[in-house]
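Structure first, then comments.
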């Protein structure tokens, strides 16, 4: 790979643009495609190749392009997955670093500054806006997970309602079965329909049996992973740690 | 782990290309191996990468460790001037015991230099 190709790829990634590195395996010629346009390289992909690359990027799937273009390999580099956590609680202190290790870019929302302090969350992006406004600014997309952990309906409910109008691939809400049932009741009276409510994973997390903040964080991250990859069996939503 | 990846850094701890770039900036020769195709069960998905420097230092992975040794050998050849190469590994190889995949899968790995 030529340095200019490498640099174009890395700068697209740094700018959080969806990018692909194309390699013609026979000749070794390459091109970087980012945000739909060719940025660098000796390979000059035609419209058919660019269409196939766009599909690969959309599905976040690296691979040889479909026949008859399969002499070209597309390595897809999408921007990082994102996790938006509402509630700077103890579990969040464990979940944030775990999610970062798993490749997520984490944002923490909590208007209560005693909770969302840099001392408790060194280096993390902290937003002290009201959760619905903060979430709207974050504009969750299909590679974003949203988790509410405050246990406070004043904070969790508006966040969930805002998240339900997004394409977030995962929504989870901390709270017992009873708490979750009451939450769903409140959200119904706010106009959320059943299909929307069914998107909320509550009680949050896979049923791993753990109770400590770290164990609950693992249960949440495990469930996010399962849902991201479509590995959740239909109708198999189970209760969880908290 | 936490020390290498403090909260809030933008770069994942296992960003293979970023490490490869740092090696390049230090003036080292660097080769990059990328999983191009897989058949059957294979330990690492398509797109997985392994960077190797001229001293044989590695970051990332293209398998669970079964073929890295052989890939590094090829990477050293490519860094010494051989053209980029598409490698194939599977249990049907003659030397399967040495460099095959224990899981029974097959993978194609593309090895190139960064220049």
Name, by its number, the condition in (1) in the same structural domain as residue A:139 (by TED's automatic domain parsing); (2) modelled with pLDDT of 95 or more that does not hold for residue A:41. (1)
Spot the failing condition for residue B:77; the list is (1) modelled with pLDDT of 95 or more; (2) under 18 Å from residue A:28 (Cβ atoms); (3) within 14 Å of chain A (Cβ to nearest Cβ), and only one is missed. (3)
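Quick one: which residue in A:207, A:195, A:159 is crowded, with 18+ Cβ neighbours inside 10 Å and in the same structural domain as residue A:95 (by TED's automatic domain parsing)?
Values: A:207 fails: crowded, with 18+ Cβ neighbours inside 10 Å; A:195 fails: crowded, with 18+ Cβ neighbours inside 10 Å.
Of the residues listed, the single one that is crowded, with 18+ Cβ neighbours inside 10 Å and in the same structural domain as residue A:95 (by TED's automatic domain parsing) is A:159.
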May I ask you to list the residues in the range A:13-25 that are modelled with pLDDT under 95 and either in a helix (DSSP H, G or I) or within 10 Å of chain B (Cβ to nearest Cβ) (or both)? A:13, A:14, A:16
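Would you say residue A:145 is outside any helix (DSSP H, G or I), modelled with pLDDT of 95 or more and closer than 28 Å to residue A:214 by Cβ?
Here the answer is yes, as residue A:145 does meet what is asked.
Rundown of residues vs (1) at negative phi; (2) surrounded by 13 or more Cβ atoms within 10 Å (Cβ to Cβ); (3) not in a loop (DSSP other than H, G, I, E, B), yes/no style:
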{"site": "A:7", "(1), (2), (3)": "yes, yes, yes"}
{"site": "A:50", "(1), (2), (3)": "yes, yes, yes"}
{"site": "A:53", "(1), (2), (3)": "yes, yes, yes"}
{"site": "A:60", "(1), (2), (3)": "no, yes, no"}
{"site": "A:67", "(1), (2), (3)": "yes, no, no"}
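Could you list, in sequence order, the residues of the range A:53-74 that are out of contact with any helix residue (DSSP H, G or I) (no Cβ under 8 Å at 6 or more places or on another chain), more than 18 Å from residue A:229 (Cβ to Cβ) and either free of Cβ contacts under 8 Å to residues at least 40 places away in the same chain or assigned by TED's automatic domain parsing to the domain that holds residue A:136 (or both)?
Within the range A:53-74, the subset out of contact with any helix residue (DSSP H, G or I) (no Cβ under 8 Å at 6 or more places or on another chain) is A:53-61, A:64, A:67-68, A:70-71, A:73.
Filter once more, so that each one left must be more than 18 Å from residue A:229 (Cβ to Cβ): A:53-55, A:64, A:67-68, A:70-71, A:73.
Passing the criteria: A:53, A:54, A:55, A:64, A:67, A:68, A:70.
Among A:131, A:122, A:140, which is within 22 Å of residue A:100 (Cα to Cα), within 23 Å of the chain's Cα centre (by Cα), surrounded by fewer than 15 Cβ atoms within 10 Å (Cβ to Cβ) and assigned by TED's automatic domain parsing to the domain that holds residue A:213?
Numbers: A:131 fails: surrounded by fewer than 15 Cβ atoms within 10 Å (Cβ to Cβ); A:140 fails: surrounded by fewer than 15 Cβ atoms within 10 Å (Cβ to Cβ).
Just one listed residue meets the conditions, A:122.
Residue by residue, here is whether (1) at pLDDT below 95; (2) in contact with a helix residue (DSSP H, G or I) (Cβ under 9 Å, 6 or more places away or on another chain); (3) within 10 Å of chain A (Cβ to nearest Cβ); (4) at positive phi holds:
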position: B:24; (1), (2), (3), (4): no, yes, yes, no
position: B:36; (1), (2), (3), (4): no, no, yes, no
position: B:42; (1), (2), (3), (4): yes, no, no, no
position: B:56; (1), (2), (3), (4): yes, yes, no, yes
position: B:66; (1), (2), (3), (4): yes, yes, no, no
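The values are calculated or read from the model by the stated rules, or taken from the named source; none is laboratory data. None of the values given here were measured: they were computed from a predicted structure. Heads up, the Cβs are rebuilt from the backbone with ideal geometry, glycines too, and the neighbour counts pull from every protein chain shown.
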